[in-house]
1. Report, by residue number, each residue of the range 111-121 that is more than 13 Å from the chain's Cα centre (by Cα) and part of a helix (DSSP H, G or I).
2. Mind listing whichever residues of the range 122-147 are assigned to a helix (DSSP H, G or I), over 15 Å from the mean Cα position of the chain (by Cα) and surrounded by fewer than 15 Cβ atoms within 10 Å (Cβ to Cβ)?
3. Can you go through Gly72, Gly28, Gly82 and tell me which one is farther than 30 Å from His135 by Cα and modelled with pLDDT of 95 or more?
4. Which condition does His79 not pass, out of (1) within 16 Å of the ligand (Cβ to nearest atom); (2) surrounded by 16 or more Cβ atoms within 10 Å (Cβ to Cβ); (3) more than 11 Å from Leu106 (Cβ to Cβ); (4) in contact (Cβ under 8 Å) with a residue 12 or more places away in the chain, if it passes all the others?
5. Against the condition of a type outside the set (Ser, Thr, Tyr) and within 15 Å of the ligand (Cβ to nearest atom), how does Val42 come out, does it pass?
6. Out of all the residues in the range 94-112, which are in contact with a helix residue (DSSP H, G or I) (Cβ under 8 Å, 6 or more places away or on another chain) and within 19 Å of Met16 (Cβ to Cβ)?
7. Within the range 56-76, how many residues turn out to be within 16 Å of the ligand (Cβ to nearest atom) and out of contact with any Asp or Glu (no Cβ under 9 Å at 6 or more places or on another chain)?
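The values are calculated or read from the model by the stated rules, or taken from the named source; none is laboratory data. Bear in mind that the values here come from a model prediction, so they are computed numbers and not experimental data. Cβ placement follows ideal geometry from the backbone for every residue including glycine, while neighbour counts extend to all protein chains displayed.
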Amino acid sequence: MNQIIPIASDHGGFEMKEYLIEQLKKWGYEVKDYGTHSTESVDYPDMIHPLATAIENGEYPLGIILCGSGNGAQMTANHHHGVRAALCWNVELAELARRHNDANILALPGRFIDNETAWDMVQVFLNTPFDGGRHTQRVEKIESLLA
Ligand code: RB5
């Protein structure tokens, strides 16, 4: 079965989301689209929380979220247990987010990067494993040291 990639955005990330969905399908992925479905103004938590809940519940290993800056989407997702959403704007950051942080959501700033860069980042994010080793206890402490 093909890997299913959940993706969500607000209006600020809508056009990039549509482009990424097209690319993902072209390259054989299945996509679960949590919206939004137009450029009409919406509130990003309405789309991001359902996707982050699915990641939290183990329905998908990795996901992609977007808004204009990427900040609102990332902040929303990171309220969920077990979610590590990384705001990235180049390929190297997307790779490091997987290798060092075991990020399970890639947050993209739809208004600040181009579609081709975003697609390159998505491919790297989906195909880079966690390095483990010294990074494991650091990642575990993100939640275990919470007061
Ligand atoms: C929407 O205008 C914009 O505020 C939103 O996409 C995002 O950048 C919020 O963090």
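1. Asn115, Glu116, Thr117, Asp120
2. Of everything in the range 122-147, those that are assigned to a helix (DSSP H, G or I), over 15 Å from the mean Cα position of the chain (by Cα) and surrounded by fewer than 15 Cβ atoms within 10 Å (Cβ to Cβ) turn out to be Arg134, His135, Thr136, Gln137, Arg138, Glu140, Lys141, Ile142, Glu143, Ser144.
3. Of Gly72, Gly28, Gly82, the one residue that is farther than 30 Å from His135 by Cα and modelled with pLDDT of 95 or more is Gly28.
4. (2)
5. yes
6. Selection gives Ala94, Ala97, Ala103, Ile105, Leu106, Ala107, Leu108, Pro109, Gly110, Arg111.
7. Residues that pass the stated criteria total 8.
Yes/no per residue for (1) at positive phi; (2) free of Cβ contacts under 8 Å to residues at least 60 places away in the same chain:
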site: Ala8; (1), (2): no, no
site: Gly13; (1), (2): no, no
site: Glu40; (1), (2): no, yes
site: His49; (1), (2): no, yes
site: Gly58; (1), (2): yes, yes
site: Gly63; (1), (2): no, yes
site: Gly72; (1), (2): no, no
site: Trp89; (1), (2): no, yes
site: Ala103; (1), (2): no, yes
